[in-house]
Amino acid sequence: MALLLPWILSIPLFSIVILLLFRQLSRNEQTLIALLAPIAGLLLLAPMIPDLLQGAVFQQQWQWLPVLGLQWTFRLDALALLFSLLIFGIGLLVIFYARYYLSASDPMPRFYASLLLFMLAMLGIVLSGNVLQLWMFWELTSISSFLLISYWSHRSDARKGARLALTVTAAGGLALLVGLILLGQVAGSYQLDVILSKGPQIIADAQYPLILVLILLGAFTKSAQFPFHFWLPNAMAAPTPVSAYLHSATMVKAGIFLLIRLYPAIAGTDLWFSLVSLAGLLTLLTGAYFALFQHDIKGLLAYSTISHLGLITLLLGLDTDLATVAAIFHIINHAVFKASLFMAAGIIDHETGSRDMRKINGLWHFMPVTASLAMVAAASMAGVPLLNGFLSKEMFFSQTLHQSVLGALSWLLPLLATLAAVFSVAYSARFIHDVFFNGKPIGLDKIPHEPPRYMRVPMEVLVALCIGVGVFPQWLVGDILLAASTAALQQTPPAYSLALWHGLNLPLLMSVVAFVAGIVLYINRKELFLFQAGFQSTLAIHRFEGQVQRLVQRCRQFSQWAEPGRLQWYIAAMLWAMVLLAGYPLLQLNSLQGERGLLPTDWFSAVLVVIMVLAAMATVIWQRQRLLALIMISVVGLMLSLLFIRFSAPDLALTQLAVEVATAVLLMLALYFLPHRSPKQSAHATLLRDLILAGSCAIVVGSLAYLMLTHQADSVSAYFLANAKSGGGGTNVVNVILVDFRGFDTFGEITVLGIAALGIYKLLTGIPRFKPSADADGRSWALDAHPLMLRVVSQGLLPLALLVSVYLFFRGHNLPGGGFVAGLVTAVALIMQYIAHGVDWVKPRLNLQFSALIASGILIAWLTGTASWLFGKPFLTSWFNYFDIPLLGQIELASAIAFDLGVYLTVVGSTLLILANLGKLTTRHKPEHLGQI
Amino acid sequence: MELLIAIAIGLLTGCGVLLILRGRTFAVMLGLTMLSYAVNLFIFVSGGLTAGAGAVLGASAQYADPLPQALVLTAIVIGFAMTAFLVVLAIRARAELGHDEVDLQKPNTRGGA
């Protein structure tokens, strides 16, 4: 049956997908699809219930990231069952209710999808058997809560409330994450089973206080405990079904669930009792007190929820096992009566257009059925006998009498509990009296009436449960309460009895006192309201928004400072960072000289290097005369390719040479579009500053190079040298590395090449017309655009160049050459035709789709790679063999040659796409009538 | 020889840095090209300087390190594509903005551009 667990989670997901895909469905159909999730969930759970009540635990597990202790574990025991039933049960009613609550203009799929996402997340928390997995679902509830609070995103209070709730709960979630990670480290596993069995070891650990505080931070923020309670009233901007579901019945119980879940592992210490009971007590009192002063019905219910959550937390902080039983019992009861009260508030809002209790009075005359239902639920909230709220409140009172958490002051606790109950009776009385009686409605926009018949059904179900549990507690919830408590405590709780009548005892007296005093308090509320009005209070939401605005302001200032929009500033900052990071370790060394033998200096290389350096400097000096600078930088590139030959890299020399030609053409074309001279711009100070930076870079990089050159390092290259022939079938190791050993890298690189070329193509389309008719000195372009000599020579060279490139291509695997070089040579040869004859001449003669060339190149390379899959080998495993062909002798055929063909095509396509398109612009923009501009 | 190469790498880097710190797009292109020369040379010599021993099996008694060569080979080609991209970006910027300065300038501070 454990196999069913993942399905419980996937069904909401299924409904979400359907809802989002088929937005055209009618409202009823959408509701049905949404209802499918909880109904199916309950049906899946049903067969497991008998076993679970006997104490069975179902578990299903998959490996995910075992190294990090991450397993997907679903774990269902009686406690999880209880919460799952609440989530599904109340979810079912809320979805049904929302069908009538939402107006026709509200987007329903989004609402139901968010609600189901929440349902899934909440189930995830409850069913997680791994604390990290639990945390992920925990954060998902915060996010779905954010989406639901901000559902009416056009309303400012909804947006602000959502932001506040997310900030508080997500911040708590981060604390929780740290706490859970530490907990997992101390316990040696993130699996819940292990953690629960390691209680004594965790408590004895030195990190226990930290772990506890962090986990409590997470739980208290989620469950709106003092001093983090302020987000909950602001979350009331959500549609009322959301308030009923998330912010009273389920999500705010997640924190409490976590405390109960981890109870055997982290509870039982003095620190736990003092922190948890204190937070619970303060929340209980502040919630109950402020609830009385709310004029908004939902505000009253929100503070009442805070107060009841405090009550449950306080119970968990009392040092008896029975208190935990009472806490679980109150979770059930509170969920039932508070959800129905929120539904009543929603109906009232729906039918009167207002939630202000100063306006809505005397509704008994307009909606007697709803009024009766709401009054029963409110009475349950106040703790009136025969209703479920009474039972758990009695248990609570009796537990406050049997504790010693406050030491010698423990007698205070029953007193304060009674005081909170007094307020709870008073605000319940206000809810009943102010809304349903107390004269006539004042200034309502419409005349209230009963809601649609079916809108009341969920309320009726819940109120029936209030009465049912209140009268027959043992029969209705006895079994599951016992099983859930056993699962929570990991041992059988002490004996207790769930009954309406326990005889005349102290808890009953406390109830009676609270009831009488509460009514008296409500009757004399005028004085109390006057007293409360004397306080200047800023709303939490305004303080929070102020903080947010300030933060945004700071961030803007910072980014304006860090991002001034000056490229030079950015580059300088990065380079200085490099100089410091790379320069500092150099300071720690004694000498740059290493153990490696030096190569004697020969005149040829020395001359090359000197010319190269001089040309580089000349580029800098003449950089404002751009054509001259271009020629100089080409000299640098030329010298570099000669150096490559000198130091045994013929492949590189060939590539560099070909690229040099292409780059020169490219920069020449660029000069056509850009000014030919730079104005003198830099101030002396700027120049000095840049010179210092350039000098520092030169020193650091040069020293690093020398350091590297004089030290011997282990290299993986020996492997490539040893295996190139036997594994890759080629003797040119550089080429074998490119097409075989590191073929996947090369595949990525040609893809980048193709993307760059396509990006350039896109950038050049629709470029504004820009027509220079003359150069910087006012000379117009040469009339004879295509000199005869060049035309003749280039035409003659073309077949030769193509032959050379074919030759280079085929010998590449064994001798210097290969796809890159061959591609560049071909491209350069074709570019020469463009230069010599112009685009208009070449275009009809060379009808090539360059982008298709790139695509086919990448495709061929990819197909070569995937072909090895057919033989059951990994991607890009190369194949080669030797064949004896008459007349030609022994021929080697290797799959690498096909891959190299892909490289070749991509290189040709990219280079031509770039240069030909750029060149085409000069033709298209060529002034037709010279001298007229 | 090693010292000479190291000095050359350093100077190329310095020239490249100086160029990319200029305020016009063309100088930045030149600087980037120069820097890629320097970087390619740097990576290439990370395998040590070897004369007369290409990485072709059977052609000589010892071989130069083939790995840096393979790295640099693709770097040269991609470097060209990236330079080209930058060039086209600069051309487009000139066409759209009417000037070839690299910095975003606020309208009130744009002077003798």
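The values are calculated or read from the model by the stated rules, or taken from the named source; none is laboratory data. As the structure is a prediction and not an experimental result, all values here were calculated from the model. Neighbour counts run over all protein chains shown; Cβ positions are idealised from the backbone, glycine included. What goes into the accessible areas is simple: the full protein's heavy atoms, side chains included, and nothing from ligands, DNA or RNA. Shrake-Rupley method; radii C 1.70, N 1.55, O 1.52, S 1.80 Å.
Starting from the range A:407-436, pick out the chymotrypsin sites (Phe, Trp or Tyr not before Pro) whose DSSP state is loop and whose Cβ has at most 12 other Cβ atoms within 10 Å.
A:W411
Once you have the Cα-Cα distance between A:Q532 and A:K359, take 0.36 nm times their residue separation minus that, and quote the gain in nm to one decimal.
Going from the current span to full extension adds 60.2 nm.
For the modelled label position 7 Å from the Cα of A:S274 along Cα-to-Cβ, which residues of the range A:305-330 have backbone nitrogen atoms closer than 20 Å?
A:313-320
Which FRET efficiency value, to the nearest 0.05, do you get for A:L859 and A:V369 by plugging their Cβ-Cβ distance into 1/(1 + (r/R0)^6) with R0 = 51 Å?
Calculated value: 0.10.
Once you keep just the Cα pairs under 8 angstrom separated by 6 or more residues, what percentage relative contact order results for the range A:569-657?
This gives 20 percent for the range A:569-657.
Would you give the gap between the C-alpha center of the range A:626-644 and the C-alpha center of the range A:789-865, rounded to a whole Å?
What the calculation gives is 23 Å, centre to centre.
Between the range A:114-153 and the range A:241-291, how far is it from one alpha carbon centroid to the other, in angstrom?
Their Cα centres are 18 Å away from one another.
Kindly list the residues of the range A:223-262 that lie in the label zone of A:D157, defined by a backbone N under 13 Å from the point 7 Å along the Cα-to-C-beta vector.
A:233-240
Quick check on the range A:33-182: take the gyration tensor over C-alpha atoms, sort the square-rooted eigenvalues as a ≥ b ≥ c, and tell me if it's rounded (a/c under 1.5), prolate or oblate.
Oblate.
Where in the range A:826-843 is the amide nitrogen less than 18 Å from a point lying 7 Å along the Cα-to-Cβ axis of A:T765?
Those under the cut-off are none; the list is empty.
Name the trypsin sites (Lys or Arg not before Pro) in the range A:386-489 that are in a loop by DSSP and that have at most 10 other C-beta atoms within 10 Å, would you?
A:K446
Counting only other chains, what is the mean number of Cβ atoms within 10 angstrom of the Cβ of each residue in peptide B:43-52?
6
Starting from the Kirkwood radius over alpha-carbon pairs of chain A, derive D by Stokes-Einstein at 4 °C in a medium of 1.567 mPa s and give it in µm² s⁻¹.
It diffuses with D of about 37 µm²/s by this estimate.
Restricting things to alpha carbons, tell me how big the range A:85-155 is in terms of Rg and Dmax, in Å.
That works out to 13.3, 42 Å for Rg and Dmax.
About its Cα centre, what dipole magnitude does the range A:1-143 give when the only charges are +1 on Lys and Arg Cβ and -1 on Asp and Glu Cβ, stated in debye to the nearest 20?
Dipole size: approximately 260 debye.
Please report, to two decimal places, log10 I(q)/I(0) for chain B at q = 0.12, 0.13, 0.18 Å⁻¹ as given by the Debye formula with identical point scatterers on the Cα atoms and no solvent.
The computed values of log10 I(q)/I(0) come out as -0.58, -0.64, -0.95.
Report, in listed order, any pair from A:K222/A:K440; A:K222/A:K298; A:K160/A:K253 with a Cα-Cα distance greater than 30 Å.
A:K222/A:K440
Under 37 °C and 0.692 mPa s, how fast does the range A:1-102 diffuse according to Stokes-Einstein, given a Kirkwood radius computed over C-alpha pairs? Answer in µm²/s, whole number.
217 µm²/s
Please identify the trypsin sites (Lys or Arg not before Pro) of the range A:593-684 that satisfy two criteria: DSSP loop assignment and at most 15 other Cβ atoms within 10 Å. Which are they?
Sites meeting the loop and neighbour criteria: A:R596, A:K680.
Could you state the number of Å between the C-alpha centres of the range A:681-701 and the range A:331-373?
With the range A:331-373 and the range A:681-701 each reduced to a Cα centre, they are spaced 75 Å.
Can you pull the mean other chain C-beta count within 10 Å for peptide A:656-667?
Whole-number average of other-chain Cβ neighbours for A:656-667 is 4.
With every protein chain present, what accessible area does A:M789 have (1.4 Å probe, heavy atoms only), rounded to the nearest 10 Å²?
About 140 Å², rounded to the nearest 10.
Which one, A:F83, A:L20, A:P452, projects farthest toward the positive side of the charge dipole computed for the protein assembly as shown from Cβ point charges (K/R +1, D/E -1)?
Of the options given, the answer is A:P452.
Label A:I447 and A:F883 with points 7 Å out from Cα along Cα→Cβ: what is the distance between them in nm?
9.7 nm
Per-residue Cβ counts within 10 Å, from other chains only, averaged over A:690-700: what number is that?
The shielding value for this peptide is 5.
From the Cα gyration tensor of the range A:606-692, with a ≥ b ≥ c the square roots of its eigenvalues, which class applies: rounded if a/c is under 1.5, or else prolate if a/b is larger than b/c, or else oblate?
Oblate, because a/c is 1.5 or more while a/b does not exceed b/c.
To the nearest 20 debye, what is the magnitude of the charge dipole of the range A:85-239 about its Cα centre, counting +1 on the Cβ of each Lys and Arg and -1 on the Cβ of each Asp and Glu?
With only Lys, Arg, Asp and Glu charged at Cβ, the dipole is about 400 debye.
Could you grab the relative contact order for chain A? Cα pairs under 8 Å, six or more apart, rounded to a whole percent.
8 percent
Could you tell me how many cubic angstrom of Cα convex hull volume the range A:177-238 has per residue?
Per-residue hull volume (Cα only) is 95 Å³.
Evaluate the relative contact order of the range A:62-180 (contact order divided by residue number), counting alpha-carbon pairs under 8 angstrom at least 6 apart; express in whole percent.
In percent, rounded to a whole number, it is 24.
Pick out, from A:F529, A:V516, A:I541, the residue whose Cα sits farthest towards the positive end of the charge dipole of the range A:507-561, with +1 on the Cβ of Lys and Arg and -1 on the Cβ of Asp and Glu.
Ranked along the dipole, the leading option is A:I541.
Would you calculate the separation in nanometres between label points at A:V213 and A:L412, each defined as 7 Å from the Cα along the Cα-to-beta-carbon direction?
Placing both labels 7 Å beyond Cα along the Cβ direction yields 2.2 nm.
Ranked from highest to lowest mean number of other Cβ atoms within 10 Å per residue, what is the order of the peptides A:895-905, A:817-827?
A:817-827, A:895-905
What number comes out for accessible area per residue over chain A if the probe is 1.4 Å? Units Å², please.
43 Å²
If the cut-off is 17 Å between C-alpha atoms, which aspartates and glutamates fall inside it for A:K338, apart from same-chain ones fewer than 8 positions away?
A:D296, A:D349, A:E460
About the Cα centre of chain B, what is the dipole size in debye to 20, counting +1 per Lys and Arg Cβ and -1 per Asp and Glu Cβ, all else neutral?
Approximately 400 debye in magnitude.
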